[in-house]
Amino acid sequence: MATTTIPIAETTARASRRRSMSREQTRAAFLFLLPSLLGFLAFMLFPLIASFLLGFTNWQLIAPPKFVAFDNYIRLFTADPTFYRILFNTLAYTVEYLVLNIIISLGLAVWISSVKRGQRWYRLIFFLPTFTPMIAVSVVWVLIFSPDGLLDYVLSGLPFHTPNLLLSPDLAMQAVVIVSLWAGVGYNMVLFNAALDLVPKTYLEAAKIDGATAWQRFWRIRLPLISPTIFFGTVMTAITALQVFDNIYTMTHGGPGVATATLGFQIYQYGFGNYLMGYASALCWVMFIMIMGLTGLQFWLQKKWVSYDV
Amino acid sequence: MNKLMGLAAGLMLGTTLAFSAAIADDNVTISWQMWTGSDADTAVWQHLADMVHQKYPNITVTLQTSSWNDYWTKLPVLAASNQLADIVSMQSLRTPNFYQIMEPLDAYVDKDKFDKTAFLPSIMDGMSAGGKLYGLPYDVGPWVIFYNKDKFDAAGIGQPANGWSMDDFNAAAKKLSGNGSYGFGATPDLFPQWVTASGASYIKADGSVDFTQPDVVKAAEGFAGLVGDKIAPAIPAGSDPGDFVQGRFASGNVAMYVDGPWSIITQKQTVKFKLGIAPLPVGPNGEAVTAGSGFGIAAASQHKDEAWKAIQVITSPEAETYLAENGRALPARVAQQGAWFDVAAKDVTGAKDSLTYAMGHSKPYPIGNNWNTVENLMTQYLPLALAGSEPAAKTMQTIQSLATQQ
């Protein structure tokens with residue numbers, strides 16, 4: 001870079017110029033970041049703090065809130081008969097949806113990358129549901145799943161009796177998972193497909209020459225090389241799955257009974273259905289901490305399976 | 001450059017503010033929050049808003065509508081964030097929950113010597129809380145059975161008699177069921193009416209709910225039995241089971257369902273068959289229930305005097321006649337009720353007879369504390385009993401424990 005013979009005075013002058021320059025740049029950067037910072041403050045940080053404080057009140061919207069200390073949390077963990085079921089529902093849904101989503105989207109991505117013609121069209125077709133509004137998607141699926149609906153009609157041809165998905169407390173969550181998968185697989189598929197295309201062809205050819213089978217090439221070369229993308233997909237999918245709300249709201253409203261009630265839905269139901277804002281805020285924070293913890297766990301686990309050296 | 005623009009903008013803003021302040025002395029725009037079920041419905045409310053402007057050219061009423069369910073989600077949120085409209089629409093069932101956000105009207109009534117006696121007394125009670133009046137009612141209505149006259153004729157069933165029993169009803173519904181069709185559409189939100197009609201009560205003396213009383217459990221078993229006996233279709237716990245049944249009714253898949261005189265406007269436009277109305281069937285000591293709605297003034301309104309003028313117009317004899325003729329409301333003003341029978345329900349079999357009977361044989365819809373929670377629990381948990389996933393008694397216990405817990 002610079003030569004070693006620059007006089008000290010000039011160096012300091014240059015350094016201070018650089019400093020003021022960087023100060024100016026900082027200011028410019030700050031101005032450019034301001035809109036999103038303001039958005040973050042107004043729509044993220046403020047509600048976050050507000051809900052934290054509201055969690056210690058009994059606010060019911062039309063009357064002013066009263067401070068109740070830890071009553072909401074005590075009730076949540078010791079008295080609420082549905083809380084642990086809701087927690088279980090949320091985790092069960094997340095695990096099932098996450099595993100199936102990653103397997104299906106990865107499978108589709110690998111299949112599409114091996115297709116010789118019309119790759120782009122397949123990508124588009126499987127990506128279509130991703131930009132279709134979830135509410136509209138759910139409404140159509142409800143028509144398919146509803147008693148005496150299309151699915152019942154198709155399944156009535158089978159020799160054995162099949163219970164209706166939406167009426168059965170044991171199967172209702174599967175209906176939600178099916179719809180979520182249909183709508184959510186496309187995003188990860190495009191992500192994984194793009195990552196697979198970036199794997200250098202030379203590696204695969206070299207492996208082929210060395211006698212590696214297609215199976216070995218996938219497990220030993222392609223999968224490790226796209227593992228950072230899979231990690232990203234896994235984290236994002238897990239977070240959205242833990243927050244699931246819109247298809248449950250439209251399809252089952254948490255029912256039958258408490259069969260499909262998840263944290264996201266129950267927060268809405270307590271807050272806007274039953275007007276218990278304080279209690280809903282407490283539940284919000286349970287969900288917030290849970291998602292943060294699980295995401296942290298995933299980042300810790302990534303050391304074991306994600307490789308960044310390409 | 002920047003400063004100049006800022007100055008110009010400031011000046012413009014200043015003049016607009018001054019300008020609007022000058023206008024504000026005469027012209028007032030007030031907002032009105034209302035629920036609506038269809039475009040036809042919205043057009044009717046807009047007509048009422050325009051009537052205010054015609055009578056008082058300096059008052060403009062802007063209508064803000066939402067669907068029935070959304071209305072009750074938005075109302076407390078808007079109240080909490082101080083954005084409530086000047087005119088608030090209120091249903092008698094919900095007055096006990098929301099009267100705090102409304103202005104008592106007694107002082108206005110006294111000042112203008114407003115004639116309260118023109119309205120049906122029971123609905124004036126429904127618009128009151130703690131001895132104070134909070135709204136002027138526009139409609140009143142007992143829940144009744146809407147039926148498909150064509151299917152009744154085909155099955156050889158005549159107009160149900162006034163005061164028909166639950167057994168008569170079951171027999172008729174059974175006759176109308178079969179081959180994938182159903183005699184009746186039973187929705188979870190209808191359950192409280194069903195209990196009251198069958199003669200049981202879920203309200204204790206202290207105003208709290210009790211769904212585990214033997215009579216209520218028996219009614220629940222009967223209600224679930226309708227689905228078990230394939231008289232009514234099983235309905236999943238969705239966001240709006242009422243829509244589900246109304247859709248099946250309109251398509252001819254369900255022959256009867258429970259609704260009220262406010263729905264004639266929508267049903268007459270939807271169904272392709274002849275519509276009939278019968279009173280709710282009742283068990284021993286049972287009675288149909290009735291409710292009604294009206295308009296009040298938000299306690300936080302800046303234009304209470306104008307809002308008072310406006311709600312007088314939209315509940316005036318002319319307005320209620322208009323609502324009646326369009327089939328939107330059976331007027332709360334006794335003198336105007338004839339218009340509903342003569343115009344809106346003219347082609348509907350049994351409408352006049354059934355409604356007149358039902359109004360004489362019904363009581364206000366019994367509601368307990370935190371009724372909103374109870375209604376939500378019904379929608380969420382009753383499908384378990386209706387689909388036969390668990391005994392009705394168990395569902396009643398769950399609803400009871402959650403209703404008292406929250």
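Each value in this text was obtained by applying a stated rule to the coordinates, not by laboratory testing. These numbers were taken from a predicted model, which means no experiment stands behind them. Because the Cβ atoms are built from the backbone with ideal geometry, glycine has one as well, and the counts that use them run over all protein chains shown.
Peptide A:247-255 shows a mean partner chain C-beta count of 5 within 10 Å per residue C-beta.
Among B:149, B:175, the order by Cβ neighbours within 10 angstrom, fewest to most, reads B:175, B:149.
Label-to-label distance, residue B:39 versus residue A:245, with points set 7 angstrom from Cα along the beta-carbon direction: 3.1 nm. As a rough footprinting exposure proxy, the listed residues A:135, A:289, A:230, A:178 were ranked by other beta carbons within 10 Å of their own, and the order from fewest upward is A:289, A:135, A:178, A:230. Global dimensions of segment A:41-168 from alpha-carbon coordinates: Rg and Dmax equal 22.8, 66 Å.
Here the Kirkwood formula, the inverse mean of 1/r across different C-alpha pairs, assigns chain B a hydrodynamic radius of 22.7 Å. Seen through its C-alpha gyration tensor, with square-root eigenvalues sorted a ≥ b ≥ c, the protein assembly as shown comes out oblate because a/c lies at 1.5 or above while a/b is not bigger than b/c. Other residues whose C-beta falls under 12 angstrom from the C-beta of residue B:162 contribute a net charge of -1, scoring Lys and Arg +1 and Asp and Glu -1. Efficiency by 1/(1 + (r/R0)^6): what FRET value for residue B:215 and residue B:81, r their Cβ-Cβ distance, R0 = 51 Å, to the nearest 0.05? So, using R0 = 51 Å, E works out to roughly 0.75. Rounded to two decimals, the Cα radius of gyration of segment A:71-305 over 2.2 N^0.38 Å is 1.19. Peptide B:381-392 is shielded by partner chain Cβ atoms: per residue, an average of 4 of them sit within 10 Å of its Cβ. Among B:389, B:89, B:81, B:362, a tally of other beta-carbon atoms within 10 Å of each Cβ gives an order, fewest to most, of B:81, B:389, B:89, B:362. Peptides B:203-211, A:99-107 ranked from most to least packed, by the mean per-residue count of other Cβ atoms within 10 Å: A:99-107, B:203-211.
Local charge for residue B:62 was computed over the other residues whose Cβ lies under 15 Å away, with Lys and Arg +1 and Asp and Glu -1, and equals -3. For segment A:104-137, trypsin sites (Lys or Arg not before Pro) are listed when DSSP marks them as loop and at most 15 other Cβ atoms sit within 10 Å of their Cβ; the list is A:116, A:117.
Measuring against 31 Å, Cα to Cα, the residue pairs B:175/B:346; B:175/B:204; B:116/B:274 contain B:175/B:204; B:116/B:274 as the ones spanning a longer distance.
Of the beta bridges in the protein assembly as shown, as assigned by DSSP with both residues counted there, near 60 percent are antiparallel. Relative to the 2.2 N^0.38 Å rule of thumb, segment B:252-406 has a C-alpha radius of gyration ratio of 1.30.
Label reach from residue B:155 (point 7 Å along Cα→C-beta): in segment B:225-258, amide nitrogens under 19 Å belong to B:225-235, B:245-258. Students often get this wrong: which residues of segment A:114-141 have the backbone nitrogen under 12 Å from the point 7 angstrom along Cα-to-C-beta of residue A:205? No residue passes the distance filter. For chain A, adding -39500 (n - 2.57) for each run of n ≥ 4 DSSP H residues and dividing by the number of residues yields -21500 deg cm²/dmol at 222 nm. Taken residue by residue and averaged, Cβ atoms of other chains lying within 10 Å of the Cβ of A:267-276 number 5. All other residues whose Cβ lies under 15 angstrom from that of residue B:327 are scored, Lys and Arg at +1 and Asp and Glu at -1, for a net of -4. Would any residue of segment A:41-56 have its amide N under 14 Å from a label point 7 Å out along Cα→Cβ of residue A:289? List them or say none. Those under the cut-off are A:52-53, A:55-56. Length gained on full extension, residue B:251 to residue B:201, computed as 0.36 nm times the residue gap minus the Cα-Cα distance: 14.6 nm.
With both labels modelled 7 Å from their Cα along Cα-to-Cβ, the residue B:230 to residue A:135 distance reads 3.8 nm. Give me the distance between the Cα centres of segment B:313-384 and segment B:204-266, rounded to whole Å. Result: 17 Å between the Cα centres.
Computed from point charges on the beta carbon alone (+1 for Lys and Arg, -1 for Asp and Glu), the dipole magnitude for segment A:71-305 about its Cα centre is near 1060 Debye.
Remark: the Cα gyration tensor places segment B:230-302 in the prolate category, a/c being 1.5 or greater and a/b exceeding b/c. Here the calculated FRET efficiency for residue A:44 and residue A:77, from their Cβ-Cβ distance with R0 = 35 Å, stands at 0.85, rounded to the nearest 0.05.
Among the listed pairs B:268/B:352; B:74/B:304; B:55/B:352; B:218/B:363, a Cα-Cα separation exceeding 23 Å is found for B:55/B:352.
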